Amino acid sequence: MGRFHLVYYISMGTPSIEASLQMAETYLAHGVSALQFDLPSRNPYRETLFIRKRMAKAWETYGGYEPFLTALTEFRRKHPDFEMQMVSYEDVILTIGTARYIEFCKQNNIKTCRISGDGVIELARMDMNAAGIDTLKVFSPKMQREIPTVVVTPDEAAVRRLPVVYLLHGYSGDELAWQRITDLRPLAEQFGVIFVCPDGENSWYWDSPINPSSQFETFVSQELPDWVDAHYPTLPSREGRAVAGLSMGGHGALWTAVRHKDRFGAVGSVSGGVDIRPFPDSWEMKAQLGEERENQARWDAHTVINAVDSLRDGELAIFVDCGYDDFFYGVNVALHEKLLRQGVGHDFLTRPGAHTGEYWGSSLPHQLLFFRSYFDRAGK
């Protein structure tokens, strides 16, 4: 019969770091040999409302993870002999920074880390697979503020320059949205690309004519690629860049690529809101453009389906994907038909599916195959 191994769980910061560690002291004093520590997540999607509120309160109280890491390191120094484990949602690790998190685990002899409740990842494996994720803040000169950004680099980037795929999230998402939908690390390795995921807020990736603090067309098309090219081993030309997105980000990817063909050679959209005008009261678009009924010309000028009027065949490699059951299916079909009438070559994929993370995650490998073909052709 196998041995029974009991691990006691400590939710850090509830009601305080000091109280959490006092509870840990009590467990060790009573002979417990293994403790598992949890750090508060800002997106604890698997938890009950009660736990989510507790984590939100802990995050609000301390405003960052360094107080937790410092306290746990001191606790480990006082108690070097017990089995110390960590459990963390992936947003916690990405916010701390994978290199910093791995350093913390090694420093404190932590061999077991549970990620989002999805199983045990040994530290050596986490070191190999996660070291290529950087969480950054990139300064925007136009907006005069820092924009959170995630960059995923494969091992291959250590020996040669690689193309870059910029991934734009949808409404209510952030720089971690794509990583939550699908693990980008193996895809970066498989397809030999660097992923860059900015926080586009709810901007629709326009340079808003009414909101100076929301100038994301300039950020995504100019400022961010320039910064990435200066700090990573990229192919710094349109032949080495693609931009893709989901929903609001699908609109943003097409909007950016069509208007900046000198910067991007390929573009992909899944479930893209490619015609905004049927949805004038949705997704905070009027915060960027004003009320549609009072600004019809502005709305007409800021929708992708009109932006492609000037597009000519061969100027961009275009991939459009939308599920049959998606509420954006009709506008995507309209875009497809318009491109056909204009004689603009493109790939149009439609499959059973709706406006869901499952659909978007399954679409990304199709887009990456399309982009790899473009990168191979453009690089010859």
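The values are calculated or read from the model by the stated rules, or taken from the named source; none is laboratory data. All values derive from a computational prediction rather than experimental measurement. Neighbour counts are summed over all protein chains in view; Cβ atoms, including those assigned to glycine, are modelled from backbone coordinates with ideal geometry.
When segment 208-226 is filtered for residues that are surrounded by fewer than 19 Cβ atoms within 10 Å (Cβ to Cβ) and closer than 21 Å to ARG160 by Cα, only ASP226 remains. Applying the selection to segment 252-270, what residues are touching a Leu at 6+ places or on another chain (Cβ under 9 Å) and either in a helix (DSSP H, G or I) or among the hydroxyl-bearing types (Ser, Thr, Tyr) (or both)? Hits for segment 252-270 are GLY252, ALA253, LEU254, THR256, ALA257, VAL258, SER269.
Would you check if ARG238 is of a type in the set (Lys, Arg), more than 30 Å from PRO163 (Cβ to Cβ) and surrounded by fewer than 22 Cβ atoms within 10 Å (Cβ to Cβ)? Spell out the reasoning first.
On the way: of a type in the set (Lys, Arg): yes; more than 30 Å from PRO163 (Cβ to Cβ): no; surrounded by fewer than 22 Cβ atoms within 10 Å (Cβ to Cβ): yes.
When the stated conditions are applied, ARG238 does not pass them.
In segment 285-298, the residue that is farthest from TRP206 (Cα to Cα) out of those that are crowded, with 17+ Cβ neighbours inside 10 Å and at pLDDT below 85 is GLU292. Of everything listed in (1) of a type outside the set (A, V, I, L, M); (2) within 30 Å of ARG180 (Cβ to Cβ); (3) surrounded by fewer than 20 Cβ atoms within 10 Å (Cβ to Cβ), the single unmet condition for GLU74 is (2).
LEU94 - would you say it is at pLDDT 90 or above, surrounded by 14 or more Cβ atoms within 10 Å (Cβ to Cβ) and outside the structural domain of LYS137 (by TED's automatic domain parsing)? When the stated conditions are applied, LEU94 does not pass them. So which of ARG46, ARG42 ends up being at pLDDT below 90, basic (Lys, Arg) and out of contact with any helix residue (DSSP H, G or I) (no Cβ under 8 Å at 6 or more places or on another chain)? Matching residue, one of ARG46, ARG42: ARG46. Screening ALA56 on (1) surrounded by fewer than 21 Cβ atoms within 10 Å (Cβ to Cβ); (2) over 26 Å from the mean Cα position of the chain (by Cα); (3) part of a helix (DSSP H, G or I) shows it passes everything except condition (2).
Yes/no per residue for (1) assigned to a loop (DSSP other than H, G, I, E, B); (2) over 29 Å from the mean Cα position of the chain (by Cα); (3) farther than 18 Å from PHE370 by Cα; (4) free of Cβ contacts under 8 Å to residues at least 12 places away in the same chain:
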position: GLU315; (1), (2), (3), (4): yes, no, no, no
position: ILE318; (1), (2), (3), (4): no, no, no, no
position: ASP326; (1), (2), (3), (4): yes, no, yes, no
position: VAL331; (1), (2), (3), (4): no, no, yes, no
position: GLU337; (1), (2), (3), (4): no, yes, yes, yes
position: VAL344; (1), (2), (3), (4): yes, yes, no, no
position: PHE348; (1), (2), (3), (4): no, no, no, no
position: PRO352; (1), (2), (3), (4): yes, no, yes, no
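Can we say ARG46 is touching an Asp or Glu at 6+ places or on another chain (Cβ under 7 Å) and either assigned by TED's automatic domain parsing to the domain that holds TYR101 or part of a loop (DSSP other than H, G, I, E, B) (or both)?
Working: touching an Asp or Glu at 6+ places or on another chain (Cβ under 7 Å): no; either assigned by TED's automatic domain parsing to the domain that holds TYR101 or part of a loop (DSSP other than H, G, I, E, B) (or both): yes.
In short, no.
Restricting attention to segment 171-189, and to residues there that are in contact (Cβ under 8 Å) with a residue 60 or more places away in the chain and among the polar types (S, T, N, Q), which single residue is surrounded by the fewest Cβ atoms within 10 Å (Cβ to Cβ)? The qualifying residue surrounded by the fewest Cβ atoms within 10 Å (Cβ to Cβ) is THR182.
Could you identify the single residue in PRO40, PRO44 that is free of Cβ contacts under 8 Å to residues at least 60 places away in the same chain and in contact with a strand residue (DSSP E or B) (Cβ under 9 Å, 6 or more places away or on another chain)?
Residue meeting the stated conditions: PRO40.
With respect to (1) of a type in the set (D, E, K, R); (2) more than 17 Å from LEU94 (Cα to Cα); (3) surrounded by 12 or more Cβ atoms within 10 Å (Cβ to Cβ), the lone exception for ASP38 is condition (2).
For segment 187-210, filtered to residues that are within 21 Å of GLN288 (Cβ to Cβ) and among the acidic types (Asp, Glu), the residue that is modelled with the highest pLDDT is ASP199. Listed conditions (1) within 23 Å of the chain's Cα centre (by Cα); (2) modelled with pLDDT under 85 are all met by GLY273, apart from (2).
Against the definition (modelled with pLDDT of 85 or more and within 30 Å of PRO198 (Cα to Cα)), how does TYR89 come out, yes or no?
Considered against the rule, which asks whether it is modelled with pLDDT of 85 or more and within 30 Å of PRO198 (Cα to Cα), TYR89 comes out as no.
Selection of segment 6-43 for residues being in a helix (DSSP H, G or I) and among the acidic types (Asp, Glu) yields GLU18, GLU25.
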